[in-house]
Amino acid sequence: MGAGVSDWRLARAVSLAGQLGVVSGTALATILVRRLQTGDADGQMRRALGQFPMPGVAAKILADYFIPGGKPANAPFKLTPLPGLDPGPDYVALTVAANFVEVFLAKEGHGGLVGINFLEKIQFPTLPSIFGAMLAGVDYVLMGAGIPRAIPGVLDRLARGETVGLKMDIEGGLAGEEIHSTFDPAAFCGGSAPLLKRPYFLGIVASATLAITLARKSSGQVNGFIVEGETAGGHNAPPRGALQLNALGEPVYGTRDVVELEKIRALELPFWLAGSYGSPGKLAEALRLGAAGIQVGTAFAFCEESGIRPDIKQQVFQLSRAGRLRVFTDPLASPTGFPFKVVQLPGTLSDDRSSAPRNRRCDLGFLRHAYRKDDGTPGYRCPAEPVDDFIRKGGTLEETIGRECVCNGLMATIGLAQMNSENGLSLPLVTAGNEAAHIARFLKPGRDSYSAAEVVRLLLGKAEKFVAPLA
């Protein structure tokens, strides 16, 4: 769903409709401070911060970032510290609070289920992010874009108030060399850690092999899986085997990439199917295949409650109505190295790539990689940063080709674009699944929008409501 698209409003709306509403956990610290710098017009950020268990943390965040009435439109946003292996206490506190705020607002005032989705590839803020979500009572944690075997055990220990650690990926690390990120809830809370509800863990997988690995080798209990096909939005698992591209330049998926559902069923854990399942009749199909239900992203991404800018939604609807909306599976755009679904829209980064290259930068840092420098200390680089900087840090020119600043592009998509002196406002980067081509089917005659509840009603038909595994 991208950063801030499935925000607290959308997750809340889906939860109120009887389903599992899922908050995107990506870049929440940046989203919080930018909402505060634009004036927090409805007061929701400040109100939720007022419920944060450590009031001194909330007060400092407001002092550092809140601008009454909002910053001038031509002024840049004040940046947060970059995430890294050894984040300072202010950044840790901001990350905990930001995740708390989003989940708190999504869950406030009702008994529905709310989850949060993280990416294994974004490791640096993972531990404080999970703790913040758990402080707000999150019901589910979902994670993909890697093999998150350590996360179930992290949930177990945080629920008990124990210190947790997570092994960090370091490019160029020596054999046997390990670097861990740690988080101590007792220290964060001033000496006594709260006992928290342990959320269910759902691994996002694209193969039976990965599901089996998670089920058998994770550090704690896995409660189910999201089985995601290559037509889903956001990051996709790369095709198995050598990468081949079709005539359009997209990765070619073959029979080896078809998930062996019989092997996943044999694990006797609930699973949900994702990737082109957000249309009428697909839920019944998933249930016939033994799934507990479906995960839907694209249909909700363009509903009234989502965080995508209204003008972008209208562009998408117009192109979909005309049969001209295209989603490109870009093998290069994301610094993660994973294929990334990009909606082809005028006025966005996808439209801008054919023109003169824009100045590159890495000022948010969520997708930068840690690497081992010659002196043994860790450094950071991103294939989307200035090319000379990346090469100076030991990267190669080939790694930079076609890369986009996904972080800034996603911020622009939700109306929080950075202003910079070289290029003005950052351009949006819109991600969605292949089903975006048909998104106009959710619009009733004479209307130019639809609600999350309407999507739920259309997709459910006579099916039962979401049933939580192991409830």
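The values are calculated or read from the model by the stated rules, or taken from the named source; none is laboratory data. Here the structure is a predicted model, which means the values were calculated and not measured. Cβ sites come from the backbone with ideal geometry, for glycine too, and all protein chains shown count toward neighbours.
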Restricting the range 338-362 to residues that are at pLDDT 90 or above and either over 18 Å from the mean Cα position of the chain (by Cα) or surrounded by fewer than 18 Cβ atoms within 10 Å (Cβ to Cβ) (or both), which is nearest to G433 (Cα to Cα)?
-> Q344
For the range 161-189, how many residues are polar (S, T, N, Q) and touching a His at 6+ places or on another chain (Cβ under 7 Å)?
-> 0
Selection from the range 72-85 of residues that are surrounded by 11 or more Cβ atoms within 10 Å (Cβ to Cβ) and not hydrophobic (A, V, I, L, M, F, W, C) | P76, K78, T80, P81, P83, G84
Looking at S192, S219, which is the one that is surrounded by fewer than 17 Cβ atoms within 10 Å (Cβ to Cβ) and touching a residue at least 60 places away in the same chain (Cβ under 8 Å)?
-> S219
For the range 201-248, what are the residues that are aromatic (F, W, Y) and within 22 Å of G278 (Cα to Cα)?
-> F225
Of (1) touching a residue at least 60 places away in the same chain (Cβ under 8 Å); (2) buried (at least 22 other Cβ atoms within 10 Å of the Cβ); (3) closer than 21 Å to P238 by Cβ, C382 satisfies every one except (1)
Given (1) surrounded by 17 or more Cβ atoms within 10 Å (Cβ to Cβ); (2) without any contact (Cβ under 8 Å) to a residue 60 or more places away in the chain, where does G376 come up short, assuming only one miss?
-> (1)
In the range 124-146, is there at least one residue being without any contact (Cβ under 8 Å) to a residue 12 or more places away in the chain and either surrounded by 15 or more Cβ atoms within 10 Å (Cβ to Cβ) or closer than 22 Å to I31 by Cα (or both)?
-> no
From the list E268, E305, pick out the single residue that is assigned to a loop (DSSP other than H, G, I, E, B), of a type in the set (D, E), surrounded by 13 or more Cβ atoms within 10 Å (Cβ to Cβ) and at pLDDT 95 or above.
-> E305
Mind checking which residues of the range 1-45 are closer than 17 Å to S129 by Cα, of a type in the set (A, V, I, L, M, F, W, C) and in a loop (DSSP other than H, G, I, E, B)?
-> A3, A27
With respect to I147, is the statement that it is closer than 17 Å to L364 by Cα and either within 16 Å of the chain's Cα centre (by Cα) or not in a strand (DSSP E or B) (or both) true?
-> no
Provide a single number: the residues in the range 201-259 that are assigned to a strand (DSSP E or B) and within 23 Å of the chain's Cα centre (by Cα).
-> 12
Taking V327 as meeting all but one of (1) among the aliphatic types (A, V, I, L, M); (2) within 20 Å of G25 (Cα to Cα); (3) touching a strand residue (DSSP E or B) at 6+ places or on another chain (Cβ under 6 Å), write down the number of the exception.
-> (2)
Residues of the range 316-326 being buried (at least 21 other Cβ atoms within 10 Å of the Cβ) and under 29 Å from L32 (Cα atoms), in sequence order, are V316
